[in-house]
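Asker: My questions will all concern the structure given below.
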Amino acid sequence: MTKIIAALLFGYLLVALEAIVPGGVLGLLGFVCLLASAYFAHLEYGGLAIPLIVFLVGGFGGVIIVFLQFRWLSGSKFGKNMFVHATSGKNIGPKNLNHLVGKTGIAETDHHPEGLIKIGNKSYDSYCDSGFIPKGAGLKITRIDSFRLIVKPL
């Protein structure tokens, strides 16, 4: 019985850490611990009923832990740094951007190769084919690609 509980608790710990350390490896190891607890239940009690109950209850417990953890994280100071709560507030301008082709602007952010360009008092998403452009550099709009402006340095 101790092995079953230990495997479940260790699996719960790994699942809880998965929310903090993303990548899927810890969650997968938590699932392996859940399978191990069902295997230990089979070794100790035999049959299929008890291992199945251990697996289902353990899986339900893991889902509850993830739900409670994300609910707690979204309200905590630590969690607020992990989740996106708002947009940048930048105005991407109208959907028809064709009138901007040929105009010039200033790089509002570094382009790596994507960034923001400021034209007048509005900011637009932009992309530079030539790669890196530092913040504050002059840019010319060469064409439109979906909702972003393709720019080149002046």
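The values are calculated or read from the model by the stated rules, or taken from the named source; none is laboratory data. Bear in mind the structure is a predicted one, so any value in this text is a computation, not a measurement. Note: ideal-geometry Cβ built from the backbone for every residue, glycine included; neighbour counts use all protein chains shown.
Asker: Checking Gly120 against (1) under 14 Å from Leu97 (Cβ atoms); (2) in contact (Cβ under 8 Å) with a residue 40 or more places away in the chain; (3) more than 28 Å from the chain's Cα centre (by Cα), which single condition isn't satisfied?
Answerer: Gly120 satisfies every listed condition except (2).
Asker: Here is a list of conditions, (1) modelled with pLDDT of 80 or more; (2) assigned to a loop (DSSP other than H, G, I, E, B); (3) surrounded by 11 or more Cβ atoms within 10 Å (Cβ to Cβ), and Gly93 meets all of them except one; can you say which number that is?
Answerer: (1)
Asker: Please go through the stretch 1-19 and pick out each residue that is among the aliphatic types (A, V, I, L, M), part of a helix (DSSP H, G or I) and crowded, with 17+ Cβ neighbours inside 10 Å.
Answerer: Of all residues in the stretch 1-19, those among the aliphatic types (A, V, I, L, M) come to 1, 4-9, 13-17, 19.
Then keep just the ones that are part of a helix (DSSP H, G or I); that gives 4-9, 13-17.
The answer is Ile4, Ala7, Leu8, Leu14, Val15, Ala16.
Asker: Same structure, new question: Does the stretch 33-56 hold any residues that are surrounded by 14 or more Cβ atoms within 10 Å (Cβ to Cβ) and of a type in the set (Val, Ile, Thr), and which are they?
Answerer: Ile50, Val54
Asker: Out of the residues in the stretch 122-136 that are surrounded by fewer than 17 Cβ atoms within 10 Å (Cβ to Cβ) and within 11 Å of Ala107 (Cβ to Cβ), which is modelled with the lowest pLDDT?
Answerer: Phe132
Asker: Kindly list, by first and then second residue, each pair from a residue in the stretch 47-74 that is assigned by TED's automatic domain parsing to the domain that holds Leu8 to a residue that is surrounded by fewer than 14 Cβ atoms within 10 Å (Cβ to Cβ), limited to pairs with Cβ atoms under 7 Å and residues at least 6 apart or on different chains.
Answerer: Leu73/Met82; Ser74/Phe83
Asker: Is it true that some residue in the stretch 36-51 is modelled with pLDDT of 90 or more and in contact with an Asp or Glu (Cβ under 6 Å, 6 or more places away or on another chain)?
Answerer: no
Asker: A further question on this structure: Inside the stretch 20-31, can you point out the residues that are among the β-branched types (Val, Ile, Thr) and outside any helix (DSSP H, G or I)? First the steps, then the outcome.
Answerer: At the first step, the residues of the stretch 20-31 found to be among the β-branched types (Val, Ile, Thr) are 20-21, 25.
Listed by number, the residues that qualify are Ile20, Val21.
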